[in-house]
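The values are calculated or read from the model by the stated rules, or taken from the named source; none is laboratory data. This is a predicted model, so every value here is computed, not measured. No Cβ is skipped: glycine too gets one built from the backbone with ideal geometry, and neighbour counts run over all protein chains shown. The area values use the complete protein model at the heavy-atom level, side chains included, leaving out ligands, DNA and RNA. Shrake-Rupley method; radii C 1.70, N 1.55, O 1.52, S 1.80 Å.
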Amino acid sequence: MAEVIVLETPAEAGTFVAAHIAAQVRREPAFTLGVATGSTPLPVYEGLRAERDAGTDFTRMSAFALDEYVGLPAGHPESYRAVVDREVTEPLGLDPARVHVPDGSAAGIETAGERYEAAIEAHGGVDLQLLGIGRTGHLGFNEPGSSFGSLTRVKTLTERTRLDNARFFDSLDEVPIHCVTQGLGTILRARHLVLLAFGESKAEALAAAVEGPVSASMPGSAIQLHQRVTVVVDTAAASQLRFADYYRWAQDHKPEWQGI
Ligand code: F6R
């Protein structure tokens, strides 16, 4: 079962996860971070900037993004390439050549998945993959029904996800219908998964992912198949977890030598 850490606020969770990543980077500067986009990972990126200010050198770190919209004009501020550049690459001083985002441009879209898989493989994989969860239960943009063995490919977003993401655009019509996303099989190859969830609106999907049956109908439940998963949530997102008391008990009695 995943280790579940319940903290009071997203800011506290961000600081906690960033401290762990920074410690890994100090030990292994060529660390590879799998980055997510959307609102959830922002407190982690803020925490990483604080770690940079406190002296951690991230400049040799590599990054692989989970997904990208298909067909947004190059340089669109809500393309995930632009978001990753703004939140991670530039502030942490990463070499842009070491920051990878799936290619969502229309030209060559048929091979975008294969090319991204090859890049991850040639690099030697991802050390720690940050994940958010959608209200549909998606990880990356693997909507319900996605195969647990799936690799990076073009997927169709659900209307629920398009509505949820419309807040980043001027209108719903601007939200792309397609995306290129790492598959669940790709995500499961990362050496450590860190799933974050904040707020009441994620409580149901989170509980289903962490404690519900393993099912393609709930893509988030794929994490139950991974040997090293840390789930870091705030109290609102934890509100439907059946074993929340046990998770808190385990944290209170965690051996000091044991990291996450
Ligand atoms: C983002 C991603 C998605 C989001 C999810 C939650 O790269 O792959 O799975 O993590 O849609 O989005 P937020 O964090 O905006 O609630």
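So if the hydrodynamic radius of the range 3-254 is defined as the Kirkwood radius over C-alpha pairs, what does Stokes-Einstein give as its diffusion coefficient at 4 °C and 1.567 mPa s, in µm² per second? Kindly include the intermediate steps, with their values, before the conclusion.
Values: Rh = 18.2 Å.
In µm²/s, the coefficient is 71.
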Relative to the present Cα-Cα distance, how much length would full extension add between A11 and T235 at 0.36 nm per residue of separation?
-> 79.4 nm
Describe numerically, in nm with one decimal, the distance between label points set 7 Å from Cα along Cα→Cβ at A166 and at W249.
-> 4.5 nm
Can you list residues whose amide H is under 5 Å from H178's amide H, if they're 5+ apart or on another chain and H is modeled 1.01 Å from N?
-> V70, L157
With unit charges on the beta carbon (Lys/Arg positive, Asp/Glu negative), name the residue among G149, A65, L163 whose Cα is farthest towards the positive pole of the charge dipole of the chain.
-> G149
Average accessible area per residue (Å²) across the chain - probe 1.4 Å, nucleic acids and ligands excluded | 44 Å²
Given H placed 1.01 Å from N in the peptide plane, which residues other than close sequence neighbours of V4 have an amide H under 5 Å from its amide H?
-> V231
Under the Karplus relation 6.51 cos²θ - 1.76 cosθ + 1.60, θ = phi - 60°, what is the ordered set of whole-Hz ³J(HN,Hα) values for the range 205-217, x standing for Gly and Pro?
-> 5, 5, 4, 5, 5, 7, 10, x, x, 6, 7, 5, 6
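Taking the Cα centre of the chain as origin and charging only Cβ (+1 Lys, Arg; -1 Asp, Glu), how large is the dipole, in debye to the nearest 20?
Working: 22 positive and 34 negative charges, 103 e Å.
Dipole of the chain, to the nearest 20 debye: 500 debye.
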Positive-end extreme of charge dipole, the chain - chosen from A23, A13, G124 (charges on Cβ) | G124
Of the accessible area of the chain, with the probe set at 1.4 angstrom, what percent is carbon plus sulfur?
-> 52 percent
